[in-house]
Amino acid sequence: MEINILENVQAVAEAGADIVAELVTRKKDATLGLATGGTPIAMYRQLVDLHREGDLSFRDVATFNLDEYIGVSPDNPQSYRAYMQRELFDDIDIDRANTHLPECAEGQDPLEVGPAYEEKIRAAGGIDLQVLGIGRNGHIGFNEPTSSLASHTRIKTLTRETVEANRRYFGENEFQPELAITMGIATIMDAREILLLATGPMKAEAVEKMIEEPVSAMSPASILQMHERVTVLLDRDAASALSHRDYYDWVQEQKRRLLGRRDGS
Ligand code: GLP
């Protein structure tokens, strides 16, 4: 894992957007795996800015989101479809037909959604870059602790902790779903490259377990230790429980030196 500890939320957003932009510039028809939640919003804003500045086009890009609630229709502002339209898709030149979420349409059997979603990802040639956040309990997508590390897209029941953590996004009397369809952990691990963003003190413990403790289904994000190409972008608060911060900073310094030497600067 490459651990990059940055000054603040904005620096994380900018570094994340640079990684996405670099890929989309190099591979115009890249397939992105996208995440929702509060964390990636600043990065999406940054991507919208880069697009508006005229340098970045998503015309041929395809996207697959990690998860979607069951029982929340796409036109409900609480759906992850609505989130993606609002936070990114409506403000860039992406073709909506190329944007996918594991949605369960009214009347559709939710058990069929997972395998069909896996097939769509396969048909698109797999995911080039998967963007992830992390839950306070170490979940990725909605793969809650004890999720099979070999899982694929399927229905998950959210933990009470996750429902509680996400309550802040819902109104007092608003229906809050407790079921979702999420990419599995194996689905995520199949991505060619992974970018995980975490900010704020509430994520410090989950981040420490992901990076510095043994791989365990109790901390689903820890499986990323088994992936060859993972970049973790953290702000100082999210990095505050790490024991080896000096080493991570030292690695980044060495990287800057190496790149500087390569660029002749
Ligand atoms: C949500 C999502 C995850 C997200 C995580 C953290 O429930 N399913 O994909 O990474 O929980 O969310 P936030 O960024 O709002 O803290």
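Of the conditions (1) touching a strand residue (DSSP E or B) at 6+ places or on another chain (Cβ under 6 Å); (2) assigned to a loop (DSSP other than H, G, I, E, B); (3) of a type in the set (Ser, Thr, Tyr), THR63 clears all except one; give me its number.
The one condition THR63 does not meet is (2).
Out of (1) under 25 Å from LYS27 (Cα atoms); (2) small (Gly, Ala, Ser); (3) assigned to a loop (DSSP other than H, G, I, E, B), the odd one out for ALA97 is which?
Going through the list (1) under 25 Å from LYS27 (Cα atoms); (2) small (Gly, Ala, Ser); (3) assigned to a loop (DSSP other than H, G, I, E, B), ALA97 breaks only (3).
Keeping to the stretch 139-158, report how many residues are part of a loop (DSSP other than H, G, I, E, B) and either within 10 Å of the ligand (Cβ to nearest atom) or without any contact (Cβ under 8 Å) to a residue 12 or more places away in the chain (or both). Before the answer, list the steps.
Taking the stretch 139-158 as the starting set, the residues that turn out to be part of a loop (DSSP other than H, G, I, E, B) are 139, 141-142, 144-153, 158.
Among the residues that remain, those that are also either within 10 Å of the ligand (Cβ to nearest atom) or without any contact (Cβ under 8 Å) to a residue 12 or more places away in the chain (or both) are: 139, 141-142, 144, 158.
Count: 5.
Does GLU178 meet the test of being among the acidic types (Asp, Glu), more than 11 Å from the ligand (Cβ to nearest atom), closer than 18 Å to TYR80 by Cα and without any contact (Cβ under 8 Å) to a residue 40 or more places away in the chain?
So GLU178 passes the test.
Return yes or no: is THR31 under 30 Å from GLU174 (Cα atoms) and touching a residue at least 12 places away in the same chain (Cβ under 8 Å)?
Taking the combined requirement at face value, the residue does not satisfy it.
Since every read-out is calculated from the coordinates, none of them should be taken as a lab result. The model shown is predicted, which means the values in this text are computed figures rather than measured ones. Virtual Cβ from ideal backbone geometry, glycine too; neighbours counted across all protein chains shown.
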